[in-house]
1. So, in segment 156-181, exactly how many residues are buried (at least 17 other Cβ atoms within 10 Å of the Cβ), assigned to a loop (DSSP other than H, G, I, E, B) and at pLDDT below 95?
2. Tally the residues that are more than 21 Å from residue 207 (Cβ to Cβ), assigned to a loop (DSSP other than H, G, I, E, B) and in contact with a strand residue (DSSP E or B) (Cβ under 9 Å, 6 or more places away or on another chain), restricting the search to segment 182-191.
3. For the subset of segment 200-217 comprising residues that are touching a residue at least 60 places away in the same chain (Cβ under 8 Å) and over 13 Å from residue 117 (Cα atoms), which member is surrounded by the most Cβ atoms within 10 Å (Cβ to Cβ)?
4. Filtering segment 276-291 down to residues that are part of a loop (DSSP other than H, G, I, E, B) and under 16 Å from residue 317 (Cα atoms), which residue is modelled with the lowest pLDDT?
5. Could you check, for segment 315-322, whether at least one of its residues is at pLDDT below 85, within 30 Å of residue 32 (Cα to Cα) and part of a helix (DSSP H, G or I)?
6. Only one residue in 19, 84 is surrounded by fewer than 22 Cβ atoms within 10 Å (Cβ to Cβ) and at pLDDT below 95. Which one?
7. Tell me yes or no: at least one residue of segment 346-360 is surrounded by 11 or more Cβ atoms within 10 Å (Cβ to Cβ) and either within 30 Å of residue 107 (Cα to Cα) or modelled with pLDDT of 60 or more (or both).
8. Residue by residue through segment 127-155, note down the ones that are out of contact with any strand residue (DSSP E or B) (no Cβ under 8 Å at 6 or more places or on another chain) and assigned to a helix (DSSP H, G or I).
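The values are calculated or read from the model by the stated rules, or taken from the named source; none is laboratory data. Note that the structure is predicted; figures quoted are calculated from it, not measured. Here the Cβ is made from the backbone with ideal geometry for all residues, glycine too, and neighbour counts use every protein chain on show.
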């Protein structure tokens, strides 16, 4: 028997009069799910009439029922053979990305985590430390509903990691930053407040940053295989081949998924406001409500950049992430909007040229 509470389950999640058993999704293999419930570890599949077949009844009974992701809590009709998943319970946090497939749309990645460890490496020469990538991950973490934490791994390979910490803190604005080394143990004690029983973490970071090494260091034993990092570019082979939730000996859980390596921005309407609150304080304060912050008079954003209250780099990062999100939500509408904008700018440019040439002839 397994105590599902140890996996972070809260009885308040249960719908009234529910008869099915709660379970947590620990891995996803296409249409098959690995689950843990009070009866132990089992496998399951979605009940198609509920998740795909329309309003049939049962729990949810709608095609709008959320497809489970790793970390989701679900209700199941338990079976020793293959259990039937009949409902996805409400999520307290959620990661999604733009589906890389031809149809597009939103793709579930992970759910119900408490902290997002945003990991970058400080091995000099490979330039893994990247502020733009850091800002993108912070925005996504804020949007997810969980707490972001920045981990600068391989600090033992940096001549002076304090400069990286200061740079990250400046971009992160209120997010805790830790310089650590999974290899030597440097700074790992500072992460103890996050590595507690019944808590769930998600690791974000590109290949070669040492995610597997950090998992093993947190576990105190080799839980995940570590691949060697290539000398010429500092990257390594991906050790995770499917989405999974790992329970460490101490009771903390870590979600590792290959989908997180190419996290695309989806809906960041809330996250971008929190991650770029320094930008947000100037939005909506321009002279014109439809100000595009380009050449309009009375633009609060342009004034803030001119007087140093806002850096051009932060403004450019904000626009890049916002643009990616708009593109992910509706590629066709985004492209059409871009074309209309280009037409408008082209027309304005032609009108200016006509006025200049007319002035010269008059002269």
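1. Counting residues in segment 156-181 that are buried (at least 17 other Cβ atoms within 10 Å of the Cβ), assigned to a loop (DSSP other than H, G, I, E, B) and at pLDDT below 95 gives 3.
2. Matching residues across segment 182-191 total 2.
3. Restricting attention to segment 200-217, the residues satisfying the condition of being touching a residue at least 60 places away in the same chain (Cβ under 8 Å) are 200-206, 208-211, 213-214.
Adding the requirement that they be over 13 Å from residue 117 (Cα atoms) leaves 208, 213.
Working: 208: 22, 213: 18.
Residue satisfying both the conditions and the ranking: 208.
4. Looking at the filtered set, the residue picked out is 276.
5. Restricting attention to segment 315-322, the residues satisfying the condition of being at pLDDT below 85 are 315-322.
Now drop any that are not within 30 Å of residue 32 (Cα to Cα), which leaves none.
Scanning segment 315-322, I find no residue that is at pLDDT below 85, within 30 Å of residue 32 (Cα to Cα) and part of a helix (DSSP H, G or I), so the answer is no.
6. Details: 84 fails: at pLDDT below 95.
The match here is 19.
7. Checked against the condition, which is being surrounded by 11 or more Cβ atoms within 10 Å (Cβ to Cβ) and either within 30 Å of residue 107 (Cα to Cα) or modelled with pLDDT of 60 or more (or both), segment 346-360 yields at least one hit.
8. Our first condition is that a residue be out of contact with any strand residue (DSSP E or B) (no Cβ under 8 Å at 6 or more places or on another chain); within segment 127-155, this holds for 127, 131-132, 135-136, 139, 143.
Listed by number, the residues that qualify are 131, 132, 135, 136, 139, 143.
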